[in-house]
1. Within the bounds of segment 73-81, is there any residue that is of a type outside the set (Phe, Trp, Tyr), in contact (Cβ under 8 Å) with a residue 60 or more places away in the chain and not in a loop (DSSP other than H, G, I, E, B)?
2. Sort through 86, 43 and tell me the only one that's open to solvent by 10 Å² or more (accessible area, probe 1.4 Å), charged (D, E, K, R) and touching a strand residue (DSSP E or B) at 6+ places or on another chain (Cβ under 7 Å).
3. Any idea which of (1) at pLDDT 95 or above; (2) closer than 28 Å to residue 1 by Cα; (3) open to solvent by 50 Å² or more (accessible area, probe 1.4 Å); (4) not hydrophobic (A, V, I, L, M, F, W, C) is the one residue 73 doesn't satisfy?
4. Is there any pair linking a residue in segment 100-113 that is part of a loop (DSSP other than H, G, I, E, B) to one that is among the acidic types (Asp, Glu), with Cβ under 9 Å and at least six apart or on different chains, and which?
5. Identify, by number, the condition in (1) at pLDDT 95 or above; (2) in a loop (DSSP other than H, G, I, E, B) that residue 41 doesn't meet.
6. Taking segment 46-69 as the search range and keeping residues that are farther than 18 Å from residue 91 by Cβ and part of a loop (DSSP other than H, G, I, E, B), which one is most open to solvent (accessible area, probe 1.4 Å)?
7. Counting just the residues of segment 89-112 that are hydroxyl-bearing (Ser, Thr, Tyr) and exposed (fewer than 15 other Cβ atoms within 10 Å of the Cβ), which one comes out nearest to the chain's Cα centre (by Cα)?
8. Determine whether residue 25 is on the phi < 0 side of the Ramachandran plot, at pLDDT 95 or above and surrounded by fewer than 17 Cβ atoms within 10 Å (Cβ to Cβ).
Amino acid sequence: QVQLVESGGGLVQPGGSLRLSCAASGSIFRIASMGWYRQAPGKQRELVAGIISTGTTNYADSVKGRFTISRDNAKNTVYLQMNSLKPEDTAVYYCKSVVQTTSASSAMYQYWGQGTQVTVSS
């Protein structure tokens, strides 16, 4: 079907930067939306940033001005550029995509990546 492959997580110092990537592959006719979520231990999963087919973006208040979501439509890839990272940003980051898999059906399906660990610590 559709696979989401994430990369770019790791350990970074406070104030540093990191860029996450998520590439979608498989049976893709149209991507309706892509987004990044994060979950820290003992905390609820939250939306970090999202982008829809028109290019409109939205961000959690906690990351606004520091994170930027973007996409490369030709590569079916979404990115999350994270600047001025704080220890509070430490979490597992998950990529999500809503996909129409074929022109023969307008049905859409939701897929999740496996998650990538981001740790902000000195």
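The values are calculated or read from the model by the stated rules, or taken from the named source; none is laboratory data. Everything numeric here is computed off the predicted structure, so don't read it as measured data. All Cβ positions, glycine included, derive from the backbone under ideal geometry; neighbour counts span all protein chains shown. In case anyone asks, the SASA skips ligands and DNA or RNA and just uses the protein heavy atoms, side chains included. Shrake-Rupley method; radii C 1.70, N 1.55, O 1.52, S 1.80 Å.
1. yes
2. 86 is the lone residue from the list that is open to solvent by 10 Å² or more (accessible area, probe 1.4 Å), charged (D, E, K, R) and touching a strand residue (DSSP E or B) at 6+ places or on another chain (Cβ under 7 Å).
3. Result: residue 73 fails condition (1) only.
4. From segment 100-113, the pairs are 113/6.
5. Result: residue 41 fails condition (1) only.
6. It comes out as 54.
7. 109
8. Here the answer is yes, as residue 25 does meet what is asked.
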